[in-house]
Ligand SMILES: [Zn+2]
């Protein structure tokens, strides 16, 4: 396929191709955990869903599943496409939640901990669920913007709503919170079960992966780091 399709003569060009060409023209990345909302025009997400449903039907056909006579799988292709595009991976396709930032009028400068926030994602290796919890520690200064507690959950949901790699997900979320609030320090701990290790692979139901990101004063001050870690009530 040639890379420079004329923009108006797009009859028959799959919408995924059009979106991909725009992303490439802007020299942006489109890995599984990248957000590509700015390249999707109004109405195109529905067309993308149709395209994914069609391809999912091809997967079911290739798996030799009789979707014509098996009423259980008759609409599976479309259900899976909808689940990917509109639900579990929606964080790739929509713009980030609007977060109102308030100036730190109270001049809060004490360690603030938010969590546990339940997070749901899927690993980009197997598209298997990753379910876990996140704790966020914020060390504000007088210039730090304050955002409502529920907003941390909305930001986390947007980042996790993509095929993710836990190590990259925590960094993406830390970058986003950093950008929105500009704190002196930011700490993030994520603990999650990876169903690709429970359902398949080693089939270990109990293993959890823990990742942390420490920024600013949390990096420099071991006491603050210890205080944060001692205050988050993780299960053994
Ligand atoms: Zn996996």
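No lab work stands behind these numbers, since they all come straight from the coordinates. This is a predicted model, so every value here is computed, not measured. Here the Cβ is made from the backbone with ideal geometry for all residues, glycine too, and neighbour counts use every protein chain on show.
Tell me the mean residue ellipticity at 222 nm calculated for the chain from its helices only (DSSP H runs of n ≥ 4, each -39500 (n - 2.57), averaged over every residue, nearest 500).
On the way: 8 runs with 83 residues, N = 236.
One gets -10500 deg cm²/dmol as the mean residue ellipticity at 222 nm.
Expressed in nm to one decimal, what extension gain is obtained for the pair residue 206 and residue 125 from 0.36 nm per residue of sequence separation less their Cα-Cα distance?
Details: separation 81, 0.36 × 81 = 29.16 nm, distance 1.96 nm.
Length difference between fully extended and current span is 27.2 nm.
I'd like the distance separating the alpha-carbon centroids of region 208-236 and region 35-81, in whole Å.
Cα centroid to Cα centroid, the span is 42 Å.
Return a whole-number percent for the relative contact order of region 160-218, with Cα pairs under 8 Å and 6 or more residues apart as the contact set.
37
With a cut-off of 8 Å between alpha carbons and a minimum separation of six or more residues, what is the relative contact order of region 18-136 in percent?
21
Could you tell me how many degrees, from 0 to 90 and to the nearest 10, lie between the Cα long axis of helix 15-25 and the main elongation axis, the longest principal axis, of the Cα atoms of the chain?
Once rounded, the angle reads 50 degrees.
Please arrange 102, 30 by how many other C-beta atoms lie within 10 Å of their C-beta, fewest to most.
Fewest-to-most Cβ neighbours within 10 Å comes out as 102, 30.
Roughly what % antiparallel, to the nearest 5, for the DSSP beta bridges in the chain?
About 95 percent, rounded to the nearest 5.
How would the chain be classified by its alpha-carbon gyration tensor: rounded, prolate or oblate, with rounded meaning a/c under 1.5 and the a/b versus b/c comparison settling the rest? Don't skip to the answer; put the middle values down first.
Numbers: a/c = 2.72, a/b = 1.57, b/c = 1.73.
Verdict is oblate for the chain.
In terms of the Cα gyration tensor, with a ≥ b ≥ c the square roots of its eigenvalues, is region 152-236 rounded because a/c is under 1.5, prolate because a/b exceeds b/c, or oblate? Mind showing how you got there, number by number?
On the way: a/c = 2.70, a/b = 1.48, b/c = 1.82.
Verdict is oblate for region 152-236.
Could you work out the relative contact order of the chain? I mean the mean sequence separation of Cα pairs under 8 Å and 6+ apart, divided by the number of residues, in percent.
16 percent.
Label region 1-106 by shape, choosing from rounded, prolate and oblate, from the square roots a ≥ b ≥ c of the eigenvalues of the Cα gyration tensor; if a/c is under 1.5 it is rounded, and otherwise prolate applies when a/b is larger than b/c, oblate when it is not.
Cα axes put region 1-106 in the oblate bin.
Given 0.36 nm per residue, what is the gain on full extension from residue 95 to residue 231 after removing their alpha carbon distance, in nm?
Result for the pair: 45.7 nm of gain on full extension.
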